[in-house]
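A short write-up of the structure that comes next.
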Amino acid sequence: MNIILFVLGAAAVYLIQMGLCKLFWNYKLSGTVFFSEKEAREGDTIQLVATVQNQKIIPIITVKVNIALDRGLEFLDQNNLAVSDKNYRSEIFSLRGNEEVKREIPLFCAKRGYYSIDQIDFIGNDLFYTKRFLSSQQVNSSICILPGKANAKQLMVATQKMTGETVVPRSDCDDPFTFRGIRQYQNFDSIRDINWKASAKTGDLRVNIHDFTADQEVVILLDSEWDALLKPDSLLEESIRIAASISDELVGKGIMTSLLTNGRDCISDQVIQIPAGAHSQHSHSIQYALARLKIQNEIAVPSLPALLQDQTERMDAQPNRKLSWVLISTQTNQQVIAAWKELRQRAVKSYWIFPAYSRSELPEEMQFDPDIIYWEVAYGK
């Protein structure tokens, strides 16, 4: 008889705790998850900050928080991690009554992109760990990972070739990037032209003298049309790094720079086009747009030949506009080559940067063209 009463009592306790846990396990339980930075760069390490609050008197023995992240962000600590379509991380918290616990989880920014967290999941248990309970909470946190830097040596060669301006005998204004000599300061000179090193040596103010160069605008045309069956995504990602690095170099030199692509923004789904500019924030605008460019496995709209043809027609309509072009593409079909040659005839300068694993991937007619720059990409990058 005593055994029966004991069993019934145990069953009653079990059922009562089960009911209470089911009703109150997540009562006044809340959490937040956010990135420590709004922006970072490919290759950086940031923190994912997870905070759980228990705002009731009763303690919570354990609660598991599940976080799902895109695979472009990697958890440095591989514990409690599952990888499939995303990186799934579980964090276990134990909280006393009216306690808040904050935890920082290091993340590696493996790939440029725009990443967000919309939801976290709480998983609780009854006191005997025989039953699990699940609830979800909406959160709103995002981060933009800017493209990484391209190979410094290849970048220097390419930009030096592109910015090698031809000095002209007359102009309405000085070019601040073509140095000719030093002279004594006059009251009409700009403070920006003062050569402080030469001034310190001579004991009076000296300024740099500049030559004159043709006023030009550089347009970077990035092709994002892609067939993953024929070429790996790594070549397109390197193309994006090249576009970001070259634009940063050009804008840094005060050169009017614009960006055209046939790729689309991952949020707005609009074709990405950044008009010309050379101010301090312009390079950031280009980098931010490239971070949000999505890889399209289907045929891009507009296609690269159509985009080249459209720009050729625009240049015909504005014959006095001085434009230099930098095409970044791995496409080598005859339609693309023909469209590029048409645009090239109307440009002040025109360069084609071709990222590839081997120079042999260039068609023979392109291998000896001085305006085609082979950009070597390491295997597996």
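The values are calculated or read from the model by the stated rules, or taken from the named source; none is laboratory data. Treat the numbers as computed from the prediction; the structure is a model and nothing was measured. Here Cβ is always computed from backbone atoms with ideal geometry, including for glycine, and neighbour counts include all displayed protein chains. Quick note on the areas: whole protein, heavy atoms, side chains included, nothing else; ligands and nucleic acids left out. Shrake-Rupley method; radii C 1.70, N 1.55, O 1.52, S 1.80 Å.
List pairs: first in region 119-139 and free of Cβ contacts under 8 Å to residues at least 12 places away in the same chain and among the aromatic types (Phe, Trp, Tyr), second open to solvent by 20 Å² or more (accessible area, probe 1.4 Å) and part of a strand (DSSP E or B), Cβ under 9 Å, 6+ apart or cross-chain? Listed pairs, sorted by first residue: TYR129/THR62.
In region 319-332, the condition of being touching a strand residue (DSSP E or B) at 6+ places or on another chain (Cβ under 9 Å), more than 24 Å from GLU249 (Cα to Cα) and among the hydrophobic types (A, V, I, L, M, F, W, C) is met by no residue. Regarding THR330, is this residue closer than 20 Å to ALA356 by Cβ, open to solvent by less than 60 Å² (accessible area, probe 1.4 Å) and part of a strand (DSSP E or B)? It is false that THR330 is closer than 20 Å to ALA356 by Cβ, open to solvent by less than 60 Å² (accessible area, probe 1.4 Å) and part of a strand (DSSP E or B). Quickly run through region 337-356 and pick out the residues that are free of Cβ contacts under 8 Å to residues at least 60 places away in the same chain and surrounded by 15 or more Cβ atoms within 10 Å (Cβ to Cβ). Across region 337-356, the qualifying residues are ILE337, ALA339, TRP340, GLU342, LEU343, ARG344, ARG346, ALA347, SER350, TRP352, PHE354.
Tally time: how many residues in region 89-115 are open to solvent by 60 Å² or more (accessible area, probe 1.4 Å) and either within 17 Å of GLY31 (Cα to Cα) or charged (D, E, K, R) (or both)? Number satisfying all stated conditions: 9.
A quick yes/no check of all residues on (1) at pLDDT below 75; (2) on the phi < 0 side of the Ramachandran plot; (3) under 37 Å from the mean Cα position of the chain (by Cα):
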position: GLN154; (1), (2), (3): no, yes, yes
position: PHE177; (1), (2), (3): yes, yes, yes
position: ILE182; (1), (2), (3): yes, yes, no
position: TYR185; (1), (2), (3): yes, yes, no
position: LYS197; (1), (2), (3): no, yes, no
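Residues that are open to solvent by 40 Å² or more (accessible area, probe 1.4 Å) and either modelled with pLDDT of 90 or more or of a type in the set (Phe, Trp, Tyr) (or both) were ranked within region 300-313; the one that is nearest to TRP340 (Cα to Cα) is GLN309.
Residue pairs whose Cβ atoms lie under 9 Å apart, separated by 6 or more positions or on different chains, with the first residue in region 271-285 and buried (at least 16 other Cβ atoms within 10 Å of the Cβ) and outside any loop (DSSP other than H, G, I, E, B) and the second at pLDDT 95 or above and among the basic types (Lys, Arg), are ILE272/ARG292.
Evaluating THR130 against the criteria (1) open to solvent by 10 Å² or more (accessible area, probe 1.4 Å); (2) assigned to a strand (DSSP E or B); (3) in contact with a helix residue (DSSP H, G or I) (Cβ under 9 Å, 6 or more places away or on another chain) leaves one unmet condition, (2). When ALA82 is tested against (1) closer than 23 Å to THR45 by Cβ; (2) outside any strand (DSSP E or B), only condition (2) is not met.
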